[in-house]
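Student: My questions will all concern the structure given below.
The values are calculated or read from the model by the stated rules, or taken from the named source; none is laboratory data. All of these numbers come straight from a predicted model, not from anything done at the bench. Positions of Cβ are backbone-derived with ideal geometry, glycine not excepted, and every protein chain shown enters the neighbour counts. The accessibility values were calculated without ligands, DNA or RNA, using every heavy atom of the protein model including side chains. Shrake-Rupley method; radii C 1.70, N 1.55, O 1.52, S 1.80 Å.
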Amino acid sequence: MVKQTIQIFARVKPPVRKHQQGIYSIDEDEKLIPSLEIILPRDLADGFVNNKRESYKFKFQRIFDQDAKQETIFENIAKPVAGSVLEGYNGTIFAYGQTGSGKTFTITGGAERYSDRGIIPRTLSYIFEQLQKDSSKMYTTHISYLEIYNECGYDLLDPRHEASSLEDLPKVTILEDPDQNIHLKNLTLHQATTEEEALNLLFLGDTNRMIAETPMNQASTRSHCIFTIHLSSKEPGSATVRHAKLHLVDLAGSERVAKTGVGGHLLTEAKYINLSLHYLEQVIIALSEKHRSHIPYRNSMMTSVLRDSLGGNCMTTMIATLSLEKRNLDESISTCRFAQRVALIKNEAVLNEEIDPRLMIKRLQKEIQELKDELAMVTGEQRTEALTEAELLQLEKLITSFLEDQDPESRLEVGADMRKVHHCFHHLKKLLNDKKIFGNNTVSNTVSSESKDQDCQEPLKEEEYRKLRDILKQRDHEINILVNMLKKEKKKAQEALHLAGMDRREFRHSQSPPFPPGNPEESQRMRLSSAPSQAQDFSILGNRSSLLHKKTGMREEMSLGRQEAFEIFKRDHADSVTIDDNKQILKQRFSEAKALGESINEARSKIGHLKEEITQRHIQQVALGISENMAVPLMPDQQEEKLRSQLEEEKRRYKTMFTRLKALKVEIEHLQLLMDKAKVKLQKEFEVWWAEEATNLQVNSPAVNSLDHTKPFLQTSDSLHEQSQLFSNKSSGGWEVQGQGTGRFDVCDVNARKILPSPCPSPHSQKQSSTSTPLEDSIPKRPMSSIPLTGDSQTDSDILAFIKARQSILQKQCLGSN
Ligand code: ADP
Ligand code: MG
C-alpha cells in the first residue's frame, strides 16, 4: 500500500497581453517547498472580499512558470503517475482552474503544433512504449472517454452515433453495487493495442466533444471530461490479474457564477458547473477534516466517478492552472486556495490484484484430479480391466510430448493408475531399445561388409579401430568436397566482383521504392504504410478512425454554391493559417520519412551484403586452412574485423534511422488528426455562419420576408440547401443574390473578407447613400442594387441602420486586411 497526499502542482499560463500581467513571484529555494506569491494591486485588493491583504502565498510541489514546455509538464507530473499505473496502482491527474487558464492545453494539448501535445497523447505514447519493452507480462489496454455536462454523463467514444449535439451521444448512468463500487452503465471501453489506436480514440472523442458543443452550451467550459486508460496485466501462467486505471481529467471552468454575469438559460448552466465543482469542494473539505465519517460523494456524478481518486485507492495529482492577468487574480487566488485544501487529502493506493476465475478453474480442476489419484493410491482401489486403444494412444502421445519437452521440470502426468504407470515404463523401455538398435544401425552403415557379419560382442578395441578408420575415410571425403568448394568460391568471388555494380542496381529495382517521386499527399499516406518491409507495421495511416473521416467528409454533400462560399470562408478563417502551416510541416515530414525509408532500404541491403561477405570470407578461410593443411587461425583476420565493424556501424545507423522513422510516424499521425479536427471545426463554424447569413437575408428581403416566419432559427439541411440556391447565381464581379421583386443584394465581392450583404445606392435611397462617411466611400465599388424598403418609415430606418452597421464592419475588415 502506498500512502500519499494528493500532489499539487501549479502552472502559469502565458498572458495574452503582456501589459495586463499581474504581479507574482515564484520562490523555488531548493531546501524549501516552492511557493507562489500573488500580489494584489491596492485598487483591486480594496474591492476584494474580506481583504486588506495585498499578498498571498501558496505552497506547491512544484510551480511551472509561463515558459514551461509541455514536455517538462509531462516528465515531471504525468510520467511518475503513469509509472505507478504500469505497476498496477490507480492514478488520476486533474486540471483545475478558470476557463482559459490552460486546462485543456495541459491535459489534451494545443490544436496547432505537434510539440503542443498534452498529457494524454504523451502518456499514451509512454505507456505503449513501456508495454513493448516489458515482455515479462501480458498487458491489455482499454480506453474510455466520458463527458459530464449538467450532471449527465455522455459517452464520447460511441462509434454508432454521429453526434451533432450532446444529446445524440449515449447517456451514461451510475450504478452502485452492494459493496459501494461505482459502475458506469453505457460507457464503452475500447481496446487499444497500439499507440495509434489509442490516439485515434482520443481524437474521435475530442471531435465528438467539439461537434456536440453549440455556442449556446459552450460545453468545453461547462463540462468535465474524463479520459481513462484501463490497464490490466498478468504474468504468464499466473491466475492473478492486475487492474489499474488512469483518469486524465479536464474539469469545467472554476469561475464563480457572479462573474459569468449571464442570465436565463446560461445561468442555470453556470450554476450547474458551480454546483458540481461546489460538490467537489465539499468532498474535499470533508476529506481534509479529520474525523468526518460521511463524505458526500453521491451528491454529484463527477465526485461519484472520481470517488477513488479523492481520498481513496488512487495516486492523485492536481494541476492548478493559473492565468495571472490582472483581471483574473481573484480567480487565481481561489484556485490556489482550493489546491491548498486538496493537498491535505491522504490517499491510500493498493495494488489491484484479482484472481482470474477461468485460470483459477483450470488450476482447481488439476488439483482435484491429483487428489483423486492420490486417494485411489491410498485406498488401494486399483482397476484391473485392460486399457482401451484410445487410452493407450493417449498415453503414448503424452510420453512423446514429455520426451520432447525441453523444460527440465516438465512432468509425465498419468495419474495414480498403476496400469498406466506400467504401460509408460513399458513403452519407454521399447523406445530405448529401438533407439539402441537404430543407433547401432547407423554406425554399421559405414562399416565394411565383412564386419557386418561379426558378432556385436567383439572385443572393444577391434570395434574402435574400425570406427576410427571410418571416420578418417569420412574426413578425407569431406576435405575433397571442401577443396572443390574453395575452387568454386574463388571463381564465384571473381565473377561477383564483375557483377557487383549490376547486382546492386538489380537489387534496388527488385524492391519497390518506398516513395515514388511526385506523389500527392494521399498516396504518400499509402506509401508510408507500405514502406520498408520492417516498417510494415506503419499501416496505421490507412486505418484511421472511419468516423473521424466521415466527419471531415461532410463537404462532399454541399451544393456547388455552398462549396464556393465555404472555400472563401475557409480562406479567410484564422485557422486556415494553422491548417496550411501544418500541411507544410506534414509535407516536410513526409519527404523526411520518404528519404529515411530509402536510406533504411539502402542500409538494409548494405547489411545483407556485409553479412554475405563475412560468410564468404569465413568459408574461404576454413577451406584454405584445410586445403593447405593449416590450422584455422583462432584470431579473425583483419579484413574480417573490418567487415564486422562496418556491419556494426551499419546496424547502428539502421537502428537510429528506424527509431527516427517510428517517431516520425507518430508525429505524422498526430498532425493528420490535428488537421482533421481543425477541418471539422472549420466546417462547423461555417455551418453556423451560413445559417446566420441565410437568416439575415430572410429578415432583410421583403420577398423572403413574406415567407413562412415560423421556421426555426437553425434550419434543416434541406432548407439550407434551398437557401444555397439563392447564392448560386454567381456573376463575374462577385456574388449576387437575386431577391424576388425589386430587392437586390450584392452579397459579396469575391475579394471581400466576409460574405456580407451590403447596400448599394438605389434611386429610392439617394438620401441615405449621400450621408455616407468618407470611410464608406473607400469601400470597393459594387454593382448597383436597390435596398428593399417596406414603406413603413420606422421599419425602413431600422433596415438602413442595420445595413450601415454592416457596412462599417465590412469597412473595418477591409482596412484590417490591407
Ligand atoms: P481552458 O481549457 O482552461 O479553458 P485552454 O486550455 O483552452 O483553457 O487555453 C486557452 C487558450 O490559451 C488556448 O488557446 C490555449 O492554446 C492557450 N494556452 C493555454 N495554456 C497555454 C500555455 N501554457 N502555453 C501557450 N498557450 C496556452
Ligand atoms: Mg478547456
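Student: Taking the highest mean first, how do the peptides 75-84, 617-626 order by number of other beta carbon atoms within 10 angstrom per residue?
Tutor: Values: 75-84: 18.4, 617-626: 16.7.
My ranking of the peptides, most packed first, is 75-84, 617-626.
Student: Using a probe of 1.4 angstrom, how much of the accessible area of region 575-675 is carbon and sulfur, in percent?
Tutor: Values: 3040 of 5650 Å².
Exposed carbon and sulfur together represent 54 percent of the surface.
Student: From the backbone phi of region 344-357, what are the Karplus-calculated ³J(HN,Hα) couplings (6.51 cos²θ - 1.76 cosθ + 1.60, θ = phi - 60°) in whole Hz, Gly and Pro given as x?
Tutor: Per residue, the Karplus-derived 3J(HN,Hα) values read 7, 7, 9, 10, 10, 8, 10, 6, 8, 9, 8, 8, 6, x Hz.
Student: Sticking with this one: Collect residues whose amide H, placed 1.01 Å from N in the peptide plane, falls under 5 Å from the amide H of GLY253; neighbours closer than 5 in sequence don't count.
Tutor: ARG222, SER223
Student: Give a residue-ordered list of calculated ³J(HN,Hα) values for region 119-131 (Karplus: 6.51 cos²θ - 1.76 cosθ + 1.60, θ = phi - 60°; whole Hz; x for Gly, Pro).
Tutor: 4, 4, x, 5, 5, 4, 4, 5, 4, 5, 5, 5, 4
Student: Let me ask something else about it. Give the cross-link partners of LYS570 among the lysines, using a straight C-alpha distance below 22 Å as the criterion and excluding same-chain residues fewer than 8 apart.
Tutor: Partners found: LYS550, LYS551, LYS583, LYS587, LYS677, LYS679, LYS681, LYS684, LYS730, LYS754, LYS812.
Student: If you build the Cα gyration tensor of region 300-357 and take the root of 5 times each eigenvalue, what three semi-axes come out, in whole angstrom, biggest first? Show your work: numbers first, answer last.
Tutor: On the way: eigenvalues 215, 26, 18 Å².
Here the semi-axes work out to 33, 11, 10 Å.
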